[in-house]
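To keep things clear, I will list the structure first and then write my remarks on it.
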Amino acid sequence: MYLVVGANGQLGHELKLLLGENAVYADREELDITDENAVKAFCNSHNFQAIVNCAAYTAVDKAEENADVVEKINVLGPRNLAQTGIPIIHISTDYVFEGTGHLPYVETDEACPCSVYGKTKLAGEKVVLEHASAAFVLRTSWLYSAYGNNFVKTMLRLGAEKETLNVVFDQIGTPTYAKDLAKVIVMLLPKLTLGKKEIYHYSDEGVCSWYDFAVEIMSAAGLQCKVLPIESKDYPTLAQRPAYSVLNKAKIKRDFGITINHWRESLLSCLKELS
């Protein structure tokens, strides 16, 4: 039996569909991961083989003004889960990188986040790797699905309402379909053996800007909205985003022999699910 934390989010929803009755699903209402005693009691009342931690404070701009709350959810929560002694798969982010490079980031590249969100996610990785009996830290990027709030669903809504839309073209990364990531997590769970601790990068294949992604969404959905490219400086936000955060997946492909879908292929799958 597995424990999936953050079960009401995009990734948690996909894991429910794949794991079914082989897991217990907890969100804030069922388990406050920032409460060490609550985590201990919850885990002691079950015999979990592994934990998948999808829980996170992910509102990147709001995080800049709520650092204390973000720290509890993104650092204290993962530490509490790791300290149970149960092997853990912990989901992290491309935002741990500053984004000033021009080559896809490998797991050993220096992490230097430029936002509260990125800094707390990096600190969360470190406490998991320090305290867990076994851990896979999975960094991913630009997550979307047919469930919850995400860029794809926002573009579909705005594309149906507006004739034109401005989207930044100078932030480069890779969209990742939550269903693809969930399948990889399920594949990794039995391979999480005691003493094993690794960081892995996983996103879908390919590279694009948010502008390119938006153009593809409109085209694939048959929407007439014209997407216009703008610079990040023309769309100021509280949090700084990495300009380039493409993840190199060579390590996870090599270690587990997996093939990864191109983001365009996965986008079409998501749009089909939404329709």
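The values are calculated or read from the model by the stated rules, or taken from the named source; none is laboratory data. Please read these numbers as outputs of a predicted model, since none were measured by experiment. Heads up, the Cβs are rebuilt from the backbone with ideal geometry, glycines too, and the neighbour counts pull from every protein chain shown. SASA here: full protein model, heavy atoms, side chains in, ligands and nucleic acids out. Shrake-Rupley method; radii C 1.70, N 1.55, O 1.52, S 1.80 Å.
Right, ILE51: over 27 Å from GLN240 (Cα atoms) and in contact with a Gly (Cβ under 6 Å, 6 or more places away or on another chain) or not? In short, no.
As a summary of the residue check, VAL184 satisfies the conditions (1) open to solvent by 10 Å² or more (accessible area, probe 1.4 Å); (2) in contact with a Phe, Trp or Tyr (Cβ under 6 Å, 6 or more places away or on another chain); (3) part of a strand (DSSP E or B) except for the one numbered (3). Inside region 209-227, residues that are open to solvent by 60 Å² or more (accessible area, probe 1.4 Å) and either under 25 Å from ASP109 (Cα atoms) or in a strand (DSSP E or B) (or both) make up a count of 1. Of all the numbered requirements in (1) part of a loop (DSSP other than H, G, I, E, B); (2) crowded, with 16+ Cβ neighbours inside 10 Å; (3) aliphatic (A, V, I, L, M), LEU122 misses one, and that requirement is (1).
If TYR95 satisfies all but one of (1) surrounded by fewer than 23 Cβ atoms within 10 Å (Cβ to Cβ); (2) out of contact with any His (no Cβ under 9 Å at 6 or more places or on another chain); (3) not small (Gly, Ala, Ser), what's the number of the condition it fails? With respect to (1) surrounded by fewer than 23 Cβ atoms within 10 Å (Cβ to Cβ); (2) out of contact with any His (no Cβ under 9 Å at 6 or more places or on another chain); (3) not small (Gly, Ala, Ser), TYR95 is out only on (1). The residue pairs whose first member lies in region 230-244 and is open to solvent by 100 Å² or more (accessible area, probe 1.4 Å), whose second member is among the basic types (Lys, Arg) and at pLDDT 95 or above, and whose beta carbons are closer than 9 Å, counting only pairs six or more residues apart or on different chains, are LEU238/LYS62.
Out of all the residues in region 142-162, is one or more part of a helix (DSSP H, G or I), closer than 20 Å to LEU11 by Cα and within 14 Å of the chain's Cα centre (by Cα)? Yes, because at least one residue in region 142-162 is part of a helix (DSSP H, G or I), closer than 20 Å to LEU11 by Cα and within 14 Å of the chain's Cα centre (by Cα). With respect to being modelled with pLDDT of 95 or more, under 21 Å from the mean Cα position of the chain (by Cα), open to solvent by 10 Å² or more (accessible area, probe 1.4 Å) and small (Gly, Ala, Ser), GLY206 fits the description. Could you check region 251-265 and list, in sequence order, the residues that are part of a helix (DSSP H, G or I) and over 15 Å from ASP204 (Cβ atoms)? Correct list: LYS251, ARG254, ASP255, PHE256. Whenever a residue of region 57-82 is within 26 Å of ASN44 (Cα to Cα) and touching a residue at least 24 places away in the same chain (Cβ under 8 Å), its partners that are surrounded by fewer than 23 Cβ atoms within 10 Å (Cβ to Cβ) and polar (S, T, N, Q), lying with C-beta atoms within less than 6 angstrom and at least six residues away or across chains, give the pairs LYS72/THR34; LEU76/THR34; GLY77/THR34.
Just to be sure before I move on: is TYR147 open to solvent by 20 Å² or more (accessible area, probe 1.4 Å), touching a residue at least 60 places away in the same chain (Cβ under 8 Å) and touching a Phe, Trp or Tyr at 6+ places or on another chain (Cβ under 6 Å) in the structure I sent? Spelling it out, it is not the case that TYR147 is open to solvent by 20 Å² or more (accessible area, probe 1.4 Å), touching a residue at least 60 places away in the same chain (Cβ under 8 Å) and touching a Phe, Trp or Tyr at 6+ places or on another chain (Cβ under 6 Å).
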